[in-house]
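> Just passing along the structure, written as structure tokens.
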């Protein structure tokens, strides 16, 4: 990271801290719901993306077939998820959250909402765009050279910082140079 500028270094470190905060959230959620971290990750995928085949869920988690069978067995035993017939293929089953599983995820939703307490309402669309782009890019396995270029990541972080901290501007779609951002954070 020595060859990149200070703004990009700060953006990368902020992303690293966000990932660590997500890991802490996963651990807290696991304890709160009485599930292990693999189960909470599976529940998160099912909640966010809807029901899916056990092999699809396993691919997202990086699990083999036998590990997925055991994980889904535990989710079923705990009343969090259930296997249901696939809507178009009688040979397959899909995994779906139960009402109890959806309620468990919703019960932790206030933790996510609180993460945006310090960000102005007008800035939320820019934050959403930046977080979505970063998440989509990180889902694409690009070992070494990520789909998000350093400049793009820095730009997305810069938009978030300005939109959430700069009281002077009212245009959440405007992008700012690093120099403008430093000035806006100081004023």
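The values are calculated or read from the model by the stated rules, or taken from the named source; none is laboratory data. Worth saying up front: this structure is predicted, and the values here are computed from it rather than measured. As a convention, Cβ positions derive from the backbone with ideal geometry for all residues, glycine included, and neighbour counts pool all protein chains shown.
> Just one of (1) at pLDDT below 90; (2) at positive phi trips up residue 87, so point out which.
For residue 87, the exception is condition (2).
> Continuing with the same structure: Of (1) loosely packed, with under 15 Cβ neighbours inside 10 Å; (2) modelled with pLDDT under 90; (3) within 17 Å of residue 22 (Cβ to Cβ), residue 65 satisfies all except one. Which?
(3)
> Restricting the first residue to segment 1-28 and requiring it to be free of Cβ contacts under 8 Å to residues at least 40 places away in the same chain, which pairs with a second residue that is part of a helix (DSSP H, G or I) and loosely packed, with under 12 Cβ neighbours inside 10 Å meet a Cβ separation below 7 Å and a spacing of at least six or different chains?
Qualifying pairs under 7 Å: none.
> Only residues that are assigned to a loop (DSSP other than H, G, I, E, B) and surrounded by 10 or more Cβ atoms within 10 Å (Cβ to Cβ): list them for segment 100-117, please.
Within segment 100-117, 108, 115, 116 meet the criteria.
> Also: Do you know which residues across segment 32-42 are without any contact (Cβ under 8 Å) to a residue 60 or more places away in the chain and surrounded by 12 or more Cβ atoms within 10 Å (Cβ to Cβ)?
Residues of segment 32-42 without any contact (Cβ under 8 Å) to a residue 60 or more places away in the chain: 34-42.
Across segment 32-42, the qualifying residues are 35, 36, 37, 38, 39, 40, 41, 42.
> Can residue 73 be described as outside any helix (DSSP H, G or I), surrounded by fewer than 17 Cβ atoms within 10 Å (Cβ to Cβ) and without any contact (Cβ under 8 Å) to a residue 60 or more places away in the chain?
no
> Select from segment 76-99 the residues that are in contact with a strand residue (DSSP E or B) (Cβ under 8 Å, 6 or more places away or on another chain), without any contact (Cβ under 8 Å) to a residue 40 or more places away in the chain and assigned to a loop (DSSP other than H, G, I, E, B) and list them in ascending order.
86, 87, 92, 98
> Also, quick follow-up: May I ask you to verify whether residue 48 is surrounded by fewer than 15 Cβ atoms within 10 Å (Cβ to Cβ) and in a loop (DSSP other than H, G, I, E, B)?
It is false that residue 48 is surrounded by fewer than 15 Cβ atoms within 10 Å (Cβ to Cβ) and in a loop (DSSP other than H, G, I, E, B).
> I need the full set of residues from segment 118-137 which are under 20 Å from residue 19 (Cβ atoms) and surrounded by 15 or more Cβ atoms within 10 Å (Cβ to Cβ), in order please. Spell out the reasoning first.
Of all residues in segment 118-137, those under 20 Å from residue 19 (Cβ atoms) come to 118-119, 127-137.
Scanning segment 118-137 gives 119, 127, 129, 130, 133, 134, 137.
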